[in-house]
Amino acid sequence: MKSSGITRFRSTAIRSSAEAASPRQTWDPERYGRDARFVSEYGIAVVEALAPTAGERILDLGCGDGTLSALIGERGADVIGLDSSPEQVAAARARGIDAHLGDGAALAYDSEFDAVFSNAALHWMRPPRRVIAGVERALKRGGRFVGEFGGAGNIRVVTQALARALATRGLDWKALDPWYFPDAEEYRRELEEGGFRVASIALVPRPTPIPGHLSDWLEIFAAGVSGAVPSSERAAFLGEVCDAAELCDSDGRWSVDYVRLRFAAHKSAPGRGTG
Ligand code: BEZ
């Protein structure tokens, strides 16, 4: 009894320190729909690269509110959405998507999809090896994995400003960084070692105008990072990040220094995730 009590105490202590180090990112679908519509608008080109056809079964990995899942469905494909946010899954279901709550690094599908699609989501899923292994397992032989996410250098100006404002408060950016932004060679290697043949992969800088102020963007996309700052200081923290980032033009319009990693790959030989 004594040792199980100690174990319970230890695991609680570990969990709470991990939560303090990395507060959970949450999503508000209404705000996302209002201020982050550009994400799915840019994602239309990724759906074009996927080229879904009628009758295909396709997994939208990190489907968010299901805007792009719906577009894929309009092409006649049978789409399943998966997202780690209960709020976004509910929003996707409300638009008629067969969406499920799940962890991209723990996919439980087996040889059932013709394609796995992902837009602006893979940088949230770690470790990438487990994500790729799950995608490989989920695909039928020859199935394709087509996606776009943040690549090396993505939002560098923003992350540097975040790191500086956190350091001022004694907080360590490395411990809080929620994102994975690989370069093309690193991700190619991960895909190939995971059993994929890479048809194309490239880093594409895409400075992106945003509809509102950078502080709105930070409140949506960096909520987990800002959550590490005491709430009484959060407004000052966000102000400091915005001032340091210098991403506003002379007319007061903000843009963010996105760099996309675009790829298309096909399941080939059995990968790491296959038996
Ligand atoms: C993106 O590259 O899409 C992204 C990365 C981090 C936060 C928000 C968006």
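Observations
- Rounded to whole Å, sorted largest first: equivalent-ellipsoid semi-axes of the chain, Cα gyration tensor: 31, 25, 18
- Across the range 35-186, C-alpha contacts under 8 Å between residues 6 or more apart give a mean separation that, scaled by the residue count, equals a relative contact order of 20 percent.
- Ligands, DNA and RNA left out, the 1.4 Å accessible surface of the range 169-255 is 49% carbon and sulfur atoms.
- Debye equation applied to the C-alpha atoms of the range 181-275, log10 I(q)/I(0) at 0.18 Å⁻¹: -0.86
- The chain, relative contact order in percent, only Cα pairs under 8 angstrom and at least six apart counted: 21
- Solvent exposure of the range 17-267 amounts to 44 Å² per residue of accessible area, where only protein heavy atoms count and the probe is 1.4 Å.
- Reciprocal mean inverse distance between Cα atoms of the range 20-174 - Kirkwood radius, Å: 16.4
- Between residue 115 and 57, 59, 144, the built amide H atoms are under 5 Å apart, and every one of these is 5 or more places off in sequence or on another chain.
- 168, 159, 208, ranked by accessible area, largest first (probe 1.4 Å): 168, 159, 208
- 3J(HN,Hα) along the range 50-55, derived from phi through the Karplus expression 6.51 cos²θ - 1.76 cosθ + 1.60 where θ = phi - 60°, amounts to 5, 6, x, 10, 4, x Hz, with x in place of Gly and Pro.
- Helix-only arithmetic for the chain: the sum of -39500 (n - 2.57) across DSSP H runs with n ≥ 4, divided by the residue total, places the mean residue ellipticity at 222 nm at -13000 deg cm²/dmol.
- Net charge dipole size for the chain [Lys, Arg +1 and Asp, Glu -1 on Cβ; Debye, nearest 20]: 1020
- Here the range 33-83 has 54 percent of its accessible surface on carbon and sulfur atoms, given a 1.4 Å probe and all protein chains in place.
- With R₀ fixed at 41 Å, the C-beta to C-beta distance from residue 112 to residue 169 puts the FRET efficiency at about 0.30.
- Residue-wise HN-Hα couplings along the range 220-235, as the Karplus relation 6.51 cos²θ - 1.76 cosθ + 1.60 with θ = phi - 60° gives them from phi, are 7, 9, 10, 4, x, 5, 5, x, 6, 8, x, 4, 5, 10, 5, 4 Hz; Gly and Pro carry x.
- Per-residue HN-Hα couplings for the range 103-117 [Karplus 6.51, -1.76, 1.60; θ = phi - 60°; Hz; x = Gly/Pro]: 9, x, 9, 9, 5, 10, 9, 9, 6, 10, 10, 6, 8, 10, 10
- Extending 7 Å from the Cα toward the beta-carbon at both residue 54 and residue 98 defines two label points whose distance is 1.8 nm.
The values are calculated or read from the model by the stated rules, or taken from the named source; none is laboratory data. Predicted model only: the values in this text are computed from it and were never measured. Cβ coordinates were reconstructed from backbone atoms using ideal geometry, including for glycine residues, and neighbour counts include every protein chain displayed. Each accessible area value is taken on the protein alone, full model and side chains, heavy atoms only, with ligands, DNA and RNA left out. Shrake-Rupley method; radii C 1.70, N 1.55, O 1.52, S 1.80 Å.
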